[in-house]
Amino acid sequence: MKDVIIIGGGVIGCAIARELTRYDLDVALMESEIEVGFGTSKSNSGIIHGGHHTEPGTLKGELVWAGNQRWVELAEELGFGFRRNGDLTVAFDDAEVETLEQIAHQGRDRGIPGIEMWDVDRVRREEPNLSRDIVAALHGPTAGVVNPYEACFALIECAVANGLDLHVNAPVTFISKCPDHFEIIAGGDRFRSRMVVNAAGVHAEVIARLVGLTEPVIRGRKGEEYLLDKRLAGIVSRTIFPCPTPTSKGILVIPTFDETIMVGPTAEAVEDLEDVRTSATGSETVFALARRLVPGISERDCIAEFAGVRAVTPNNDFLIGPTDVPGFVNVAGIQSPGLTAAPSIAELVVQILAEEGLNLSLRSDFRGSMPRPVHAALLSIEELAELATKDPQYAHVVCRCELVTEAEIRDAFVRGARTLDGLKFRTRAGMGRCQGGFCTSRSMNLLAEMSGQPMTEVTKRGSGSWIVREPEHVDGQVVEMT
Amino acid sequence: MTPIEHEGTITHYLCIECPLGCRLEVEEDFDGNIVEVRGHSCKKGESFAKREHTDPRRMVTTTVMVRGGRWPRLPVRTTAAVPKDRVMEVVLLLRSVSVESPITMGDVIVADIAGTGVDVVSSRDMPSGSEGGRELSVAAVER
Amino acid sequence: MRPLSTILDRYDVVIVGAGPAGMAAALAALGTGVERVLMVDREAEAGGILNQCIHNGFGLHYFGEELTGPEYAQRFLTDLLDHNIDIATDCYVVDISLDRVVTLMSPEIGVRQVAAGAVVLAMGARERTRGAIRIPGSRPSGVMTAGLAQKFVNQLGVMPGTRVAILGSGDIGLIMARRMKLEGMDVPGVFEIMPHANGLNRNIVQCLDDFDTPLHLSTTVVEIHGKDRVEGVTVAPVDGQLRPDMSRTRTIQCDTLLVSIGLIPENELSQRLGLRIDPATSGPVVSSTMETSRDGVFAAGNVVHIHDVVDFVSQEALLSGENAGRFVTGRRPPADNIRLSAGINVASIVPHTISSDREHTVYLRVREPLEKSWLRLGSVYEKRLRYVVPAEMVSLKVRPRFLENFHGDTLTIDILPRDEPVRDER
């Protein structure tokens, strides 16, 4: 009998899992994909919002600033990358400047420090590659960037180290409410739990209906993003926002944690909650608007594209709270600034569970810190040389574009990677400008060796995503060489 | 004036002898004799057309399985061109072949493949062992 | 053979890449009498991309024979092994400093630094990927470059799929179209966005026609379908501006899409070294001795500009190796005094400068195909050309006597249609 089963291993589910494992509880997490974060979270733009853009009077607004502040500690504790590079919201005319001033107010009211209007000279000095048509900008120093999938892995590894029972490839297909617990079938196995947390992202409505709830109602809003060649690294140092409109934050120019520039996301309502197709119009829109902010950006620099579907509730706000089914908690509609708010969402959910009757007693042996995974690409030559004397596999290059070594690939496997995407998101192998042209066969060979399977069983991201197959079988004829 | 009528078949070929890529036409009569070759700009094109029409041949390059070598596949080639309509037959035969390393470039893998009179030889040295990078030289097979 | 751990701290010439360019450069460097030459390659063996190019058609110019890729590579390797050269395989060059200290890494030696008298960059090219042209649709497995498929099939003995559509009619795509059929896969078609095929005619005939594989010109892939694995692609015809006509799409069932849409020089190290890059080639600017904008750093092969014929790679690389050797021995030729400029219908020229005292082979690419044309080198030389196409590099021998009466510092090369009256300014 579990105390809590969390349904959904996106960044929210992973954050909740880690938070719950602080306590003396038996916690399990069910993730439908082969790895955590493989739903919408991996397509997240990775922005930790400064907190000034979010409207007051919403649950989003209540949680965003606290969440932002927690990211600094989290990154420290769990050893993933986080850079507080700040953001700039730009204005092209006086009407937009007024909007920026309203946002500045909003931010200061929330207690966010350092928010400042910059005039055109300051903007040009600090971000010389921005459009010359920009007349002013609002600087938000508290904003930052993370790799969202790195955060998911770090959170879940910490939770697992503290006793979380993680099940992947375990979609929940049945939930039944009994007097004092829930019966759940996930991935064909049966579980029982006192409480259930519905953090199933775009599938939260489907999950809630399994217990007869009519909330949340989830609609999909797709966002396409485009990654640019590393040669553009440094073209901007802060995340650049256009002046927001009532409906959208707009197309951004994002210097990701790894310094690849990303442009996007779009916002398009989609019927199919798993529609992650990119489109020609999406690409045209993104590049046109990105170029408006940073004229030096061109489609020719694009190296990859992807899309994710946001889970959206009818009032566009988070829906977090107990439900008509005692012990069943909804954590739904966590679209932007969901990533930012994740740590405070996790704390809120624990509070709600306590109010639902969960007995919380802190563990004395909670391991909050995790050792930082090694990234050869971030080390100096001397540090790498040192590592290689102890483990020569640190000197064996697998992915040359991102300088990922065999030792890191092996370590990623130990930490749970079983697919090419799993390796990619943990190590960056395959994310560089050649997009896996060089490293794919090497990574596949290593995965095959480590999992004791033939290369033909290695998948891109589980399920039916095989990469190569055996040749047609022909009866062998051994040739004797004279 | 009525157009001259040809009483045979015309076959088209794309010449590969030089980048011009002339579009060749070979006309034959009812009995299958070549009546005329048209469209070429040089003698090489004319003889290419005739060859392609009467006895088209192709070199075959493919791989066979190899055990114990640096790679699981050994590239092989025919030593001469084989009739075009026997290429797939040659390839299918080779798909069933498996050899043991070490192999030297030029080693005959299958002699007189499918009775064509043409041998299939190894296209490279294939040393034994699965790794390179141990020595300051390529581990070539002893000659 | 000595263990890799006996690698020296200093070499006269270090060559990055042991493919066709690297090997020829190595041979030529050795020929200048330098004592210590090191050739490094990240693969398990020398040979570069030739090891996976198992088809024939290599060496017609250089050896006067038609060889397969591995055979061509073996010729150079055998020659090299008769010399005193160190070849480090499974070894990766992480960095080259401005004073030519080369940082290497391999499991055998860890991370090591080697000082080089001169360096030759011969890292070759990488393929453009789906992301470069942003093909809309989902991201299933089964989308890969033709070169990766070639490695899977020819070296690893696994197949990329069962029904393989190919985007791009360059030679790599055509070669793979044949290879797929030989290995029993279906190829529903090769799709080419331009109105003409990109590869050699012999490949159209021997890779497509021989197998009844259709070539669809002026057509491109507008969407990829499939959740986990490719299930199909939608194709559409394009107009004169290469825009797809979305009212005339059709969907091709397939489980694999090979993308063969061009090569880019591997310019990571070139960028780290701060070399001047020619945007027309995406490779470093080089002098007639194949020296880059940094002293003692030379380059040759696909890393400078994308070649079609490996024989020319070897020629170019011999020059780079010879001059790298001469850089070290102090017997350098006089500096270049003429800049070459790309004029009408010329997309790129390599090398970027020449000197008037020696003969040079200059390689260029045209922008538009022309059946009959004049190649004009400033007003000092002209030559009739037939059938120039962007897909085939044009070579031009520039002889000192052309430049006897030329005293300027820039020569523009134009490729003009031959029906135009030729202005005789000699």
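The values are calculated or read from the model by the stated rules, or taken from the named source; none is laboratory data. Small disclaimer: the values here were computed from a predicted structure and weren't measured. We place every Cβ from the backbone using ideal geometry, glycine too, and count neighbours over all the protein chains shown.
Tabulated results
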quantity	calculated
Residue under evaluation residue A:19, criteria (1) assigned to a helix (DSSP H, G or I); (2) in contact with a Gly (Cβ under 9 Å, 6 or more places away or on another chain); (3) in contact (Cβ under 8 Å) with a residue 60 or more places away in the chain; (4) buried (at least 20 other Cβ atoms within 10 Å of the Cβ), criterion not met	(2)
Qualifying residue in segment A:115-137 (condition: in contact with a strand residue (DSSP E or B) (Cβ under 9 Å, 6 or more places away or on another chain) and modelled with pLDDT under 95)	no
Selection count where residues are within 26 Å of the chain's Cα centre (by Cα) and more than 17 Å from residue C:96 (Cβ to Cβ), scope segment C:1-25	4
Positions within segment C:1-34 being facing chain B (nearest Cβ under 10 Å) and of a type in the set (D, E, K, R), in sequence order	C:2
Residues of segment C:58-73 that turn out to be within 9 Å of another protein chain (Cβ to nearest Cβ) and either touching a strand residue (DSSP E or B) at 6+ places or on another chain (Cβ under 7 Å) or touching a residue at least 24 places away in the same chain (Cβ under 8 Å) (or both), as a count	6
Answer from B:74, B:94, B:24, B:20 - the residue that is of a type in the set (A, V, I, L, M), assigned to a helix (DSSP H, G or I) and either surrounded by 18 or more Cβ atoms within 10 Å (Cβ to Cβ) or over 16 Å from the mean Cα position of the chain (by Cα) (or both)	B:94
Among (1) β-branched (Val, Ile, Thr); (2) within 22 Å of residue A:16 (Cα to Cα); (3) touching a Pro at 6+ places or on another chain (Cβ under 9 Å) - the single one residue A:235 does not satisfy	(2)
Candidate set: segment A:261-292, residues that are over 21 Å from the mean Cα position of the chain (by Cα) and among the aliphatic types (A, V, I, L, M); chosen: the one nearest to residue A:204 (Cα to Cα)	A:280
Which numbered condition residue C:117 fails, given (1) closer than 19 Å to residue A:395 by Cβ; (2) more than 14 Å from chain B (Cβ to nearest Cβ)	(1)
Selected residue (only one of C:153, C:230, C:190, C:235 is modelled with pLDDT of 95 or more, more than 14 Å from chain B (Cβ to nearest Cβ) and under 25 Å from the mean Cα position of the chain (by Cα))	C:190
Among the residues listed as C:373, C:355, C:379, C:314, the single one being hydroxyl-bearing (Ser, Thr, Tyr) and either in contact with a Gly (Cβ under 6 Å, 6 or more places away or on another chain) or in the same structural domain as residue C:49 (by TED's automatic domain parsing) (or both)	C:314
Among residues of segment C:186-196, those that are buried (at least 23 other Cβ atoms within 10 Å of the Cβ) and either in contact (Cβ under 8 Å) with a residue 60 or more places away in the chain or closer than 10 Å to residue C:168 by Cα (or both), counted	3
Per-region count, segment A:319-354, residues closer than 23 Å to residue A:205 by Cα and in a helix (DSSP H, G or I)	16
Flag if residue B:66 is over 21 Å from the mean Cα position of the chain (by Cα), assigned to a strand (DSSP E or B) and more than 11 Å from chain C (Cβ to nearest Cβ)	no
Checklist (1) surrounded by fewer than 22 Cβ atoms within 10 Å (Cβ to Cβ); (2) in the same structural domain as residue C:136 (by TED's automatic domain parsing) applied to residue C:295, failing item	(2)
Restricting segment A:376-420 to residues that are among the β-branched types (Val, Ile, Thr) and either touching a Lys or Arg at 6+ places or on another chain (Cβ under 9 Å) or part of a loop (DSSP other than H, G, I, E, B) (or both), the residue that is nearest to the other protein chains (Cβ to nearest Cβ)	A:397
Inter-residue pairs, beta-carbon under 9 Å, first not assigned by TED's automatic domain parsing to the domain that holds residue A:27 and in segment A:353-367, second part of a loop (DSSP other than H, G, I, E, B) and basic (Lys, Arg), 6+ apart	A:360/A:22; A:362/A:22; A:363/A:22; A:366/A:22
Hey, residue C:234 buried (at least 20 other Cβ atoms within 10 Å of the Cβ) and among the hydroxyl-bearing types (Ser, Thr, Tyr) or not	no
Scope segment A:454-471; condition in contact with a helix residue (DSSP H, G or I) (Cβ under 6 Å, 6 or more places away or on another chain), closer than 13 Å to residue C:256 by Cβ and aliphatic (A, V, I, L, M); matching residues	A:468
Residues of segment A:233-250 satisfying the condition of being of a type in the set (A, V, I, L, M) and touching a helix residue (DSSP H, G or I) at 6+ places or on another chain (Cβ under 6 Å)	A:240
Residue count, segment C:99-114 (criterion: in contact with a Phe, Trp or Tyr (Cβ under 8 Å, 6 or more places away or on another chain) and either assigned to a loop (DSSP other than H, G, I, E, B) or more than 8 Å from every other protein chain (Cβ to nearest Cβ) (or both))	2
Subset of segment A:105-135 (residues that are surrounded by fewer than 15 Cβ atoms within 10 Å (Cβ to Cβ), part of a loop (DSSP other than H, G, I, E, B) and acidic (Asp, Glu))	A:133
Of all residues in segment A:233-247 being aliphatic (A, V, I, L, M) and more than 18 Å from residue A:92 (Cα to Cα), the one that is surrounded by the fewest Cβ atoms within 10 Å (Cβ to Cβ)	A:233
Whichever residue in segment C:197-216 is part of a loop (DSSP other than H, G, I, E, B) and within 14 Å of chain B (Cβ to nearest Cβ) and, among such residues, is surrounded by the fewest Cβ atoms within 10 Å (Cβ to Cβ)	C:212
Count - residues of segment C:222-248 that are out of contact with any Asp or Glu (no Cβ under 8 Å at 6 or more places or on another chain) and among the β-branched types (Val, Ile, Thr)	3
Boolean, residue C:184 is assigned to a loop (DSSP other than H, G, I, E, B) and either at positive phi or of a type in the set (D, E, K, R) (or both)	yes
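Let's see how each residue does on (1) in a loop (DSSP other than H, G, I, E, B); (2) modelled with pLDDT under 95; (3) surrounded by 23 or more Cβ atoms within 10 Å (Cβ to Cβ); (4) in contact with a Ser or Thr (Cβ under 8 Å, 6 or more places away or on another chain):
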{"residue": "C:25", "(1), (2), (3), (4)": "no, no, yes, yes"}
{"residue": "C:29", "(1), (2), (3), (4)": "no, no, yes, no"}
{"residue": "C:43", "(1), (2), (3), (4)": "yes, yes, no, yes"}
{"residue": "C:60", "(1), (2), (3), (4)": "yes, yes, no, no"}
{"residue": "C:65", "(1), (2), (3), (4)": "yes, yes, no, no"}
{"residue": "C:116", "(1), (2), (3), (4)": "no, no, yes, no"}
{"residue": "C:120", "(1), (2), (3), (4)": "no, no, yes, yes"}
{"residue": "C:132", "(1), (2), (3), (4)": "no, yes, no, no"}
